[in-house]
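For reference, the structure discussed in these notes is given below.
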Amino acid sequence: MLILFLGNVYSRACEYTCDRMAAAYFNNRVNATNGLDILAVGKRLFVDMDLVEYIQTAKKETGFFARSL
């Protein structure tokens, strides 16, 4: 169980490091955020995405699937 936990922690740390490296590469917070948003929802949905609503929904939904109200 401990090794499984460490594997998840390592994986998340790698993902966080990649996000930080991308932000440093862009050297522009808005562009870095937009890039991560596009990865999260896709290019087509990004154009119509409401970032504030997306964040609020992500905080409420804890399961694999999110439902729209």
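The values are calculated or read from the model by the stated rules, or taken from the named source; none is laboratory data. Keep in mind it's a predicted model, so treat the numbers as computed, not measured. Glycine gets a Cβ as well: all are built from the backbone with ideal geometry, and neighbour counts include every protein chain shown. Protein only, heavy atoms only, side chains kept; ligands, DNA and RNA dropped before computing areas. Shrake-Rupley method; radii C 1.70, N 1.55, O 1.52, S 1.80 Å.
Please compute the length gained on full extension between residue 49 and residue 12, using 0.36 nm multiplied by the number of residues separating them and subtracting their Cα-Cα distance.
Working it through step by step, the gained length comes to 10.8 nm.
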Could you calculate the FRET efficiency of residue 61 with residue 27 from 1/(1 + (r/R0)^6), where r is the beta carbon distance between them and R0 is 35 Å, rounded to 0.05?
0.60
Which ³J(HN,Hα) values, rounded to whole Hz and listed in residue order, are derived for segment 8-17 from phi using the Karplus coefficients 6.51, -1.76 and 1.60 in 6.51 cos²θ - 1.76 cosθ + 1.60 with θ = phi - 60°, glycine and proline given as x?
5, 5, 5, 4, 5, 5, 5, 4, 4, 4
P(r), alpha carbons of segment 1-47 - 5 Å bins starting at zero, rounded %
5, 21, 18, 17, 16, 10, 8, 4, 1
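What percentage of the solvent-accessible surface of segment 5-47, computed with a 1.4 Å probe over protein heavy atoms, is contributed by carbon and sulfur atoms?
Values: 2320 of 3790 Å².
Here it works out to 61 percent.
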